[in-house]
Amino acid sequence: MPASSLKINALERRITFHADMDSFFASVEVRERPELKGLPVVVGSDPKGGPGRGVVSTCSYEARKYGIHSAMPISQAYRLCPDAVFLPVNMKLYAGVSAKVMEILRGFADRFQQVSVDEAYLVPGPEIRNFEEAALYALRIKDEVQEQEGITCSIGVGPNKLIAKIASGFQKPDGLIVVRPEDARKFLFPLPVSKIPGIGEKTADKLKSMGLSRVEELANCDVQLLSEKFGKMALRMKQLANGLDFGEVREKESVKSISRHGTFAEDTSDPVKITESLSMLAESVHSSLLKNRFLFKTVILTVRFEDFSTYTRSKTIPIWTSDFFVIKRTAIQLLSEFLGRQKFRLVGIGVTKLRKRGEKQSLITDF
Ligand code: TTP
Ligand code: MG
């Protein structure tokens, strides 16, 4: 297969959306106090009338006109616009709105991946067949967020995560940019290399010293030359510059482990009683695994003796499984070193290194 058709196939893989709330913390504050609409609003540490320490979390687009931005010292923000409305961070409020927004976005997705408090990737179901339908779908998503949560967001639609992400930031606030596969390179090429996620200030400086400032220059650069400076990352950088990103949109598991503990009614050193308890705990862990459709790789045993000294041991197995007997057998193996010592007060079993059943592991890691 010629290289060019390979590229096009890769670009056409999946219609991907990236949604990012506009000036998130500030927008939530304005929603709560409509009288602040249209004003420069800065959320962050207290400027204390000038000398305050700490930084800006975010600010409204009106405040950005004064040059204020996230991570700027609050004292500097105060100098730039002393008349702005300065508000403290109310994380509890934003976390609540974030959860609701994510729920709305999830409702539009076949596959969903939240990446921060205010942004997520989503892949719609097969009913969205082309980029025209995707554009209308994105408008519906924006309307729904606005209607239900009273804030605006920007959405980028593209053939992969990379392009969707860059597109969502392209025309903020309240933006919608759709980049078709055939336009991906045209869209990316004029941008500075720092627009590529993963290329921070340091990398951008290094690239600049090689004469590579724009994405187009990086895309056409000799990969050999690039790998002299960046090693294994070179190929990935060149792929991204060419609009190629094979990263899957996938749910990041919020559940990191499943475990169950039991305290004996009376401290015991009876191996039969201890093994029976482990077996019951293994059953409970197993049923939770099945309910949540998880596979695991590591089993953890916790033992607490009568003097409250507590030990954990773990064993990682070479395959992903949800097998009950693997949990039980591994826990009993781990138990053997503790038998015949003091009396047991508590035992526990956990499984960790979880992943959803049926989910393929992406071969290329996120940059
Ligand atoms: P962002 O999405 O990066 O920024 P934003 O939503 O405020 O503005 P934009 O319209 O450009 O997307 O971050 C989301 C929230 O995370 C932001 O509202 C506040 C918080 N945050 C910080 O607290 N400190 C920071 O340095 C950044 C970048 C964000
Ligand atoms: Mg945002």
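The values are calculated or read from the model by the stated rules, or taken from the named source; none is laboratory data. Since this is a predicted model, take the numbers as computed values, not measurements. All Cβ positions, even for glycine, are placed from backbone atoms using ideal geometry, and neighbour counts span all protein chains on display. SASA here: full protein model, heavy atoms, side chains in, ligands and nucleic acids out. Shrake-Rupley method; radii C 1.70, N 1.55, O 1.52, S 1.80 Å.
For the cross-link pairs 100/353; 65/208; 37/186; 172/208; 100/186; 100/356, which exceed 30 Å when the distance is taken from alpha carbon to alpha carbon?
Result: 37/186; 100/186 exceed 30 Å.
Throw me the Rg/Rh for the range 112-151, computed over C-alpha atoms with Kirkwood Rh, two decimals.
1.01
Let me check I've understood the local charge: for residue 75, count other residues with C-beta under 12 angstrom from its C-beta, Lys and Arg +1, Asp and Glu -1. What total comes out?
Taking every Cβ under 12 Å from that of residue 75, the sum is +2.
Looking at the calculated P(r) for the range 146-196, what percent of the C-alpha pair distances fall above 17 Å?
I get 35 percent for the Cα pairs in the range 146-196 exceeding 17 Å.
Return, for the Cα atoms of the range 257-361, the radius of gyration and Dmax in Å, separated by a comma.
According to the Cα coordinates of the range 257-361, Rg and Dmax are 13.8, 46 Å.
Local charge sum around residue 291 (other residues, Cβ-Cβ under 14 Å, Lys/Arg +1, Asp/Glu -1)?
Local charge sum for residue 291: +3.
Using just the helices of the chain, give the 222 nm mean residue ellipticity in deg cm²/dmol: DSSP H runs with n ≥ 4 each add -39,500 (n - 2.57), and the total is spread over all residues, rounded to 500.
Here the helix-only value at 222 nm equals -11500 deg cm²/dmol.
Report Rg/Rh for the range 165-299, rounded to two decimals, where Rg is the Cα radius of gyration and Rh the Kirkwood radius.
Numbers: Rg = 25.6 Å, Rh = 19.6 Å.
Computed over Cα atoms, the ratio is 1.31.
Check each of the GluC sites (Glu not before Pro) in the range 198-263 and keep only those in coil by DSSP with at most 14 other C-beta atoms within 10 angstrom; list them in order.
Values: sites: 201, 216, 217, 228, 248, 251, 253; in loops: 248, 251, 253.
Those that pass, being in a loop and sparsely packed, are 251, 253.
Mind jotting down the three principal axis lengths of the chain based on Cα atoms? Whole angstrom, largest first.
Principal-axis extents of the chain (Cα, largest first): 72, 64, 45 Å.
What translational D, rounded to a whole number of µm²/s, comes out for the range 24-91 from Stokes-Einstein when the hydrodynamic radius is the Kirkwood one over Cα pairs, at 4 °C and 1.567 mPa s?
Rounded to a whole number, D works out at 114 µm²/s.
What is the distance in Å between the Cα centroid of the range 293-314 and that of the range 195-244?
Distance between centres, Cα-based: 45 Å.
Would you kindly work out the equivalent ellipsoid of the range 268-320 from its C-alpha gyration tensor and give its semi-axes, the square roots of five times the eigenvalues, largest first in whole Å? Could the numbers behind the result be given before it?
Numbers: eigenvalues 116, 42, 19 Å².
That gives 24, 14, 10 Å for the three semi-axes.
Identify all lysines with a Cα-Cα distance to residue 343 below 22 Å; exclude those on the same chain that are fewer than 8 residues away in sequence.
Here the lysines satisfying the reach criterion relative to residue 343 are 273, 328.
Report, to two decimal places, the Cα Rg of the range 189-241 normalised by 2.2 N^0.38 Å (N = number of residues).
Relative to the rule-of-thumb radius for its length, the range 189-241 sits at 0.95.
Add +1 for every Lys or Arg and -1 for every Asp or Glu among the other residues with Cβ under 9 Å from the Cβ of residue 120, and state the total.
Details: positive: 106; negative: 20, 118, 119.
In short, -2.
Using every Cα-Cα pair within the range 40-195, state what percent have a distance larger than 26 Å.
Tail fraction, whole percent: 38.
So how many Å³ per residue does the convex hull of the Cα atoms of the range 125-171 work out to?
Value for the range 125-171: 83 Å³ per residue.
I need the chymotrypsin sites (Phe, Trp or Tyr not before Pro) found in the range 270-341, filtered to DSSP loop residues with at most 15 other beta carbons within 10 Å of theirs. Mind showing how you got there, number by number?
Numbers: sites: 294, 296, 305, 308, 311, 320, 324, 325, 338; in loops: 308.
Of the chymotrypsin sites (Phe, Trp or Tyr not before Pro), the ones in loops of the range 270-341 whose Cβ has at most 15 other Cβ atoms within 10 Å are 308.
Given a 1.4 angstrom probe, I'd like the percentage of the accessible area of the chain that is carbon and sulfur, rounded to a whole number.
After summing per-atom areas, the C and S share lands at 53 percent.
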